[in-house]
Amino acid sequence: MDMIKNSFARVTDWYKGVNRYIKTGAFLAVAVFCVVVALVGSGIGFGYSVKYNGQKIAVIEDKDIYWEAVKNVENKVSGDNIKKVLSSPEFSLTLTLLSSTQKDKNIISDGIIKNTKEIVNGVKATVNDKSYIFAVENKNDIVENYLSKYDVGSISSKSAFVGDVNFEDGLFLLSDTEKETTLNSLLDTVDVITVANVVSSKETDYNTIEVRTSELVKGTTQVKCEGAKGTNQVVEEVSFLNGVETGRVTLSEDVITKPVDRVVLVGTSANVQTAQNNTVAHNSGFIFPIWDAYKLGSPFGDGRAHKGYDILADKGTPIHVAKSGTVIRASWYGGYGNCVDVDHGNGIVTRYGHASEFCCRVGQTVSAGDVIAKVGTTGNSSGNHVHFEVIINGNRVDPAPYLNIN
Ligand SMILES: [Zn+2]
């Protein structure tokens, strides 16, 4: 009986133990359930931390987004062996705030690209249907670096490849790229045209002007003014093929400094004495006696031994005295008709013949330019004019140099 009783007691103990055990397990299960409910309620749940080539690149909720990112990388990167260069990811289960897991596959694919040494930024250069890949950051660098050697020192310079040349930026496999030195060799096979606007200075020649003068003997000359060359600024459009000039067109030409005329005096006098007299006459400061409309008539010493210079003008035109002086004649004087003589001192007298009327009287002091008479055709005259004489020490000389008539 005892044996049965003991056995029963053991069974009862076992049962009590098991029961306690079950009760404890149930309690734990309930506890875990409650924790999970609490975590889910607070947004925390299980996700995967993704390591790629040893670098943690994202925490994701669902592995599918990782494999979408891998497809994305395969599409972005040119190269047949892209699948071979991608490493396997390491996923590890982790508790995480689910709202903060990575949902953007592009960011995950960027992480994959960044951590794959075999993937590089590069440029695909296509020349005459053959393509080459270079590990250069962007195509503008390639074009600008290469073409810059054709720059011309100028206000603008543009170079471009001729023919079928194309550059394309992208992501490539390092194993597909060429050595960078071969890029220049490749581009050297392509023609380059350059068009530049070039500024330069250009000298402009001066003109030589000849001025006749009776102050110099015939056959002699004298430089009155040395000429000076001018400067123009020229803008030209210059074209080059592979750095060799092929043509230029002038776009504009502006005067910076004008040239200065070279002035040469050319002598007209018969001899040295005449030339010297003429120089004195030119410097004597005579005023031309007719200020209104006039024409030059017979000069001094024409075929009929003419001793004055005839100046034709309408009747009544004022006659101005050539220089200051004193009136010594204002009267009828034979063939001169109405005649005015003015004494200027130093043996110099001027005469005005054939006047229609007098505007002065003998003994009057006159200033250069005063009106002394009016044009007429009195005396031995065939038309209205003033017969002008210059008398020096009683000798009538050619008035032309005194009136600057050359
Ligand atoms: Zn005359």
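Rule-based calculations on the coordinates, nothing more; no lab input. Note that this is a predicted model, so its numbers are computed, not measured. Every residue, glycine among them, receives a Cβ derived from its backbone with ideal geometry; neighbour counts consider all protein chains shown.
Things worth noting here:
- Toward the positive end of the charge dipole of the chain, with +1 on the Cβ of Lys and Arg and -1 on the Cβ of Asp and Glu, the farthest Cα among THR231, GLY297, ASN145 is that of ASN145.
- Charge dipole of the chain about the Cα centre (unit charges at C-beta), most positive-ward option of PHE134, VAL321, GLY219: PHE134
- FRET E, pair ASN106, ASN207, Förster distance 60 Å, beta-carbon r, rounded to 0.05: 0.20
- Calculated FRET value between ASP129 and VAL255, using beta carbons and R₀ = 51 Å, to 0.05: 0.45
- Relative contact order, percent, the range 203-343 [alpha-carbon distance under 8 Å, six or more residues apart]: 22 percent
- Residue-count net charge about ALA228 - beta-carbon cut-off 12 Å; Lys, Arg +1, Asp, Glu -1: -1
- CD proxy at 222 nm, helix term only [per DSSP H run n ≥ 4: -39500 (n - 2.57); per residue of the chain; nearest 500]: -7500 deg cm²/dmol
- The residues packed around THR378, meaning those with a beta-carbon under 13 Å from its beta-carbon, carry a net charge of +1 if Lys and Arg are +1 and Asp and Glu are -1.
- Nearest-0.05 FRET efficiency for ALA228 and ASN197, computed from C-beta distance (R0 30 Å): 0.55
- Net dipole in debye of the chain [+1 Lys, Arg Cβ; -1 Asp, Glu Cβ; about Cα centre; nearest 20]: 1020 debye
- Within the chain, percent of DSSP bridges classed antiparallel, to nearest 5: 90 percent
- Length gained on full extension, ASP343 to ASP62, computed as 0.36 nm times the residue gap minus the Cα-Cα distance: 88.3 nm.
- With an a/c value of 1.5 or above and a/b larger than b/c for the gyration tensor axes a ≥ b ≥ c computed over the alpha-carbon atoms, the chain is described as prolate.
- Here the contact order of the chain, divided by its residue count and restricted to Cα pairs under 8 Å and six or more residues apart, works out to 10 percent.
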